[in-house]
Amino acid sequence: MIPLLDIKAQYASIKDELDTAALEVLASGEYVSGPRVEAFEARFATYCGAREAVALNSGTSALHLALLALGVEPGAEVITVAMTFVATAAAIKYANAVPVLVDVDPETWVMDPASLERAITPRTQAIIPVHLHGRLADMDAILEIAKRHGIPVIEDAAQAHGAQHAGQSAGTFGDIGCFSFYPGKNLGACGEGGAIVTNRPELAAAVRQLRDWGQAGRYNHVRHGFNYRMDGLQGALLDVKLTHLPYWTERRREVAAFYDSHLSGSGLGMPTKPRELEHVYHVYAVRSSERDRLREGLMDAGVMTGLHYPRPVHMQPAYQDLGYQAGDFPVSEQLAAEMLSLPIYPELTAQQLQRICDALLSLCEDSHAEGYAA
Ligand SMILES: *Cc1c(COP(=O)(O)O)cnc(C)c1O
C-alpha cells in the first residue's frame, strides 16, 4: 500500500540526528520551553525572514493568540474562507469573535479577493487568508484591500512553510503568520506544535505572555493567559528537522512536477501552475466529478488518497449557528465534492509515483469508455 504520507520514512532518513537531539533533552530536564525551543525560534524566524518567531503548542493556538494579540474584541467579525481546515474557524470562536466566511477562487482554491472585499463591514477586525495545500493566497490583492480598510491580516500558513512570492515567505506578508507543526505538515513535530512569526515586536511580546499564563515575570499575571508553550522535546526535534526542510520542499515540488506532466492528458482537473515558488505542495489534489469512484479504484490498486476537505466549514454541523446554507459558497462546495489528494511526501520514490499515475490513468480511461466526463 502506498500511503498518503509516510512519517516513518522521514524518521528513518534522519534517525540518528533525531535520536541524539531527543536524548539530550531527556537528560537536560528542560522539558517545557527552554534553550532548545529558543534555538528553534531563532532558526525558524530566520528561515521565514521574519523578525521574530514564537513557538507554541499547536497551529490552532497560534491562530487564537494572533487574534488576541491584535486585540480582536468579543463579537467582532473575522473573515476567513469556507474551504479550510476547521481549526481556522475554531480559533475565531475561541477569541469569542464571529467567523465570516468567503468563497475561494475557482482556479487557485485560495481566498477570492473580490469576495473578501464584499464581506468587510465596520465590525471586521481581522482577515485570515489560508494558504491552502501550501499555495500562497493572493497576498498583493488581499493586503491592498486590508490596508485600504485598516484591517490587520493574519496568515494561516499551517500548510505553507517556506512558500514564497517575490522573495518573501509565507507568514511575513500580514501582521502575524501562523504555522502548525502537526506531524503531517511540511515541517512536523513528533507530537503537537505551532508558532507565530511577525515583524512587529509588540505582537511577539504579547504572544509570549499569552502562551505562558499571561505572565510578565514570574507570578505577575498581566493578561488572561493560556498554557500554550512548546515542549523542549518538540523544539529540539523541530530544530533538527528545519535544517532538512529546504530539501524536503524541493522533493515535494519534484513530486508535483511528476504529477503535472504524467496526469495532464487524463481529463482530471489539475492544480493551476503556481507563479515562481509560491507553492510548497503540502497537498497535491486533482479534481474529478467521479472523485469517489477514483478514490475507491486507487484504494483497490494499493494507493491511499485523502480529502482536503470533504465539507466546507459552513456545511459542518458545529457551524450551523453561523447561519449559512448550502449554495452560499459554490466554489468551496464543488471543490469539496471533487478534490482528491494524491500521495505526496519527500520520500516517495519514482516507482511509487509511476504506479500511482498508471493506476489513476487507467481509472480515467475506464470512465471515458463508459462515457463519463472526468
Ligand atoms: C493543521 C492546520 C491548522 C491547525 O494546526 P494544529 O497544529 O493542528 O492545531 C490550522 N489551519 C490549517 C489550514 C491547517 O492545515
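Would you work out which of V86, H161, G174 lies farthest towards the positive end of the dipole of the range 79-185? Charges go on Cβ: Lys and Arg +1, Asp and Glu -1.
Projecting each Cα onto the dipole axis, the largest value belongs to V86.
Rounding to the nearest 20 debye, state how big the charge dipole of the range 1-96 is about its Cα centre with +1 on each Lys and Arg Cβ and -1 on each Asp and Glu Cβ.
Its charge dipole is roughly 220 debye.
May I ask for the Rg/Rh ratio of the chain, computed from Cα atoms with Rh as the Kirkwood radius, given to two decimals?
Radius of gyration relative to Kirkwood radius: 0.98.
Summing Lys, Arg as +1 and Asp, Glu as -1, what charge do residues with Cβ under 9 Å from the Cβ of C178 carry, C178 excluded?
Cβ neighbours under 9 Å give a net charge of -2.
For the range 146-265, compute the orientation-averaged projected area of the C-alpha convex hull (one quarter of its surface), in nm².
Mean orientational projected area (the range 146-265, Cα hull): 10.6 nm².
With charges set only on the Cβ (+1 for Lys and Arg, -1 for Asp and Glu), what does the dipole of the range 110-154 come to about its Cα centre, in debye to the nearest 20?
With Lys and Arg at +1 and Asp and Glu at -1, about 160 debye.
Express as a percent, rounded to the nearest 5, the fraction of DSSP beta bridges in the chain (both residues included) that run antiparallel.
60
Once the piece of chain linking Q354 and K8 is laid out straight, how much longer is it, given 0.36 nm per residue of separation minus the C-alpha distance between them?
Additional length available on full extension: 122.4 nm.
Please build a GNM for the chain, connecting alpha carbons under 10 Å apart, and tell me which residue among A90, A12, A236 fluctuates the most.
Among A90, A12, A236, the largest mean-square fluctuation in the Gaussian network model of the chain belongs to A12.
Taking the Cα centre of the chain as the origin and placing charges on Cβ (Lys, Arg +1; Asp, Glu -1), which of L210, T108, V197 is farthest toward the positive end of the dipole?
Farthest along the dipole direction, towards plus: L210.
Positive end of the dipole of the range 244-370, charges at C-beta (+1 Lys, Arg; -1 Asp, Glu), about the Cα centre: which of V331, H308, Y281 has its Cα farthest in that direction?
Y281
Once the other residues with Cβ under 13 Å from the Cβ of P201 are scored (Lys, Arg +1; Asp, Glu -1), what is the net sum?
0
Please state the charge dipole magnitude for the chain, taken about the Cα centre, from unit charges on C-beta atoms (+1 on K and R, -1 on D and E), reported in debye and rounded to the nearest 20.
For the chain, the charge dipole is close to 840 debye.
I'd like the distance between the alpha-carbon centres of the range 144-198 and the range 252-330, rounded to an integer number of Å.
Their Cα centres are 21 Å away from one another.
Looking only at R311, R123, R148, which one moves most when the chain is put into a Gaussian network model with springs between Cα atoms under 10 Å?
Taking springs between Cα atoms under 10 Å, the residue moving most is R148.
Net charge near S115: determine it from the other residues with C-beta under 10 Å of the C-beta of S115, scoring Lys and Arg +1 and Asp and Glu -1.
Residues close to S115 contribute a combined charge of -3.
Once Rh is set to the Kirkwood radius over Cα pairs, what Stokes-Einstein translational diffusion coefficient, in µm²/s, holds for the range 280-374 at a temperature of 20 °C and a viscosity of 1.002 mPa s?
Rounded to a whole number, D works out at 145 µm²/s.
For every helix of n ≥ 4 consecutive DSSP H residues, a contribution of -39,500 (n - 2.57) applies; sum these over the chain, divide by its total residues, and give [θ] at 222 nm rounded to the nearest 500 deg cm²/dmol.
-12500 deg cm²/dmol
So how do M299, M339, M230 line up by other beta-carbon neighbours within 10 Å, fewest first?
Listed from fewest to most nearby Cβ atoms, that is M299, M339, M230.
For the chain, what is the relative contact order in percent, using Cα pairs closer than 8 Å and at least 6 residues apart in sequence?
Normalised by residue count, the contact order of the chain is 22 percent.
Readers should treat all values here as calculations from the given coordinates under stated rules, not as data from a laboratory. Being a predicted model, the structure only gives us computed values, none of them experimental. Please note: Cβ atoms are built from the backbone with ideal geometry, for glycine as well, and neighbour counts cover all protein chains shown.
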